[in-house]
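Data first, discussion second: the structure below is written as structure tokens.
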Amino acid sequence: MKKGAISIEMIIVIILALLVLVIVAAAFSGGMNELWRKITGYYKIYSVSDTNAAKQQCDSLCTTSTTAADKSASAFCTTPIPLRKETGEEIQVKCYESPIEASCEGKSGKAFCGK
């Protein structure tokens, strides 16, 4: 090997290190949740008749959304919450929409999201 040349092993190590860095960054930014749901096919579906658990999820989303500069683009305002109607049909609603209608920072969900 010539002086100053990079070996194939070093290139592989650099690529693997970058891959690990991307995965760690995605895990800390919350991006792994959606990826994990896609891989496992699992996500929580709440009943329309009992929205308390869905409101708790919205409370958690509100906590992470209070620091967002653009509230309307925050997780509280944009994350679809899966609900199952009595008929078995699955619907997707946002935290501020009926039947959840959660509040955030002491405001109604619609006011928080600017809707």
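Laboratory data are not the source of any read-out in this text; all were calculated from the coordinates shown. From a predicted model like this one, the values you see are computed outputs, not experimental measurements. Note that each Cβ is placed from the backbone with ideal geometry, even for glycine, and that neighbours are counted across all protein chains shown.
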Amide hydrogen neighbours beyond the local backbone of residue 46, cut-off 5 Å, H modeled: 83, 84
Computed [θ] at 222 nm, deg cm²/dmol, the chain (DSSP H ≥ 4; -39,500 (n - 2.57); rounded to nearest 500): -14500 deg cm²/dmol
Residue 59 versus residue 19: modelled label distance in nm, points set 7 Å from Cα along the beta carbon direction: 4.1 nm
Sorted peptide list for 12-24, 102-114, 77-89, criterion being average Cβ within 10 angstrom, highest first: 102-114, 77-89, 12-24
Gain upon complete extension [residue 68, residue 115; 0.36 nm per residue less C-alpha separation]: 15.3 nm
Length added when fully stretched, residue 7-residue 26, from 0.36 nm per residue minus Cα-Cα: 3.9 nm
Backbone HN-Hα couplings from phi across the range 52-68 [Karplus 6.51/-1.76/1.60, Hz, Gly and Pro as x]: 4, 5, 5, 5, 5, 5, 5, 4, 5, 5, 4, 4, 7, 8, 5, 8, 5
Helix 8-29 axis, angle to the chain major axis (alpha carbon atoms, nearest 10°): 20 degrees
